[in-house]
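The values are calculated or read from the model by the stated rules, or taken from the named source; none is laboratory data. From a predicted model like this one, the values you see are computed outputs, not experimental measurements. Positions of Cβ are backbone-derived with ideal geometry, glycine not excepted, and every protein chain shown enters the neighbour counts. Areas reflect the complete protein model, heavy atoms only, side chains present, ligands, DNA and RNA absent. Shrake-Rupley method; radii C 1.70, N 1.55, O 1.52, S 1.80 Å.
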Amino acid sequence: MSLGDLCALVKGRVPLVIEVKSHFDGDRKLVARVAEVPRPYHGPAVAMSFDPDQVLALRELLPERPRGIIAQRTYDAADWPEATPAQRDGMLHLRHAFRTRPHFVAFWVEQLPAPAPWIARNIFGLPLLTWTVRSQEQRERAARYADQMIFEGFRP
């Protein structure tokens, strides 16, 4: 299903959370399409990405919609082979936040608590989501450290 088809199907009845995938190569074609498709969508919709450059592109191309950064505490080469060492380093501790200006942070539930999301939430007032919550233990951690959770596999 395309994003346009999803928007037509949902018709604004529920919020859409759109994750923009990236090869960390600076290609903005997907963000440009994500910016174009939901413009006429009348329901709530946000977009987010692990790639700070894609979040910056969302800021520039779709400033009227909330944008978020998906983050975690560590970015090693084995799990992030597409990203250069400099890109992985720039993702640490939300260092890019003054440039990308996310409206929210989605942080890996297994790495909470952590200083960067705590600062984002408690100092800068950004909503903190967790991903991906799949168990009761993770649900309890999400409730303790975050404002909302991204979940799958159970009814909360």
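The single residue among Arg144, Arg139, Arg134 that is open to solvent by 50 Å² or more (accessible area, probe 1.4 Å) and touching a strand residue (DSSP E or B) at 6+ places or on another chain (Cβ under 6 Å) turns out to be Arg139.
Among the residues making up the range 1-38, those that are modelled with pLDDT under 95, part of a loop (DSSP other than H, G, I, E, B) and surrounded by 14 or more Cβ atoms within 10 Å (Cβ to Cβ) are Val37, Pro38.
Taking the range 36-66 as the range and being of a type outside the set (Asp, Glu) and closer than 19 Å to Ala83 by Cβ as the test, the residues that pass are Met48, Ser49, Phe50, Pro52, Gln54, Val55, Leu56, Ala57, Leu58.
Let's see how each residue does on (1) farther than 26 Å from Val31 by Cα; (2) without any contact (Cβ under 8 Å) to a residue 60 or more places away in the chain; (3) in contact with a strand residue (DSSP E or B) (Cβ under 7 Å, 6 or more places away or on another chain):
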residue	(1), (2), (3)
Pro85	no, yes, no
Arg88	no, yes, no
Arg95	no, yes, no
Phe98	no, yes, no
Phe107	no, yes, yes
Gln111	yes, yes, no
Leu129	no, no, yes
Glu152	no, yes, yes
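Figure legend. Inter-residue proximity from the range 22-44: first residues in contact (Cβ under 8 Å) with a residue 40 or more places away in the chain, second residues among the charged types (D, E, K, R) and open to solvent by less than 100 Å² (accessible area, probe 1.4 Å), beta-carbon distance below 8 Å, spacing 6+ or different chains. Indicated pairs: Ser22/Asp51; Ser22/Asp53; Ser22/Glu82; His23/Glu82; Phe24/Asp51; Phe24/Asp53; Phe24/Glu82; Asp25/Glu82.
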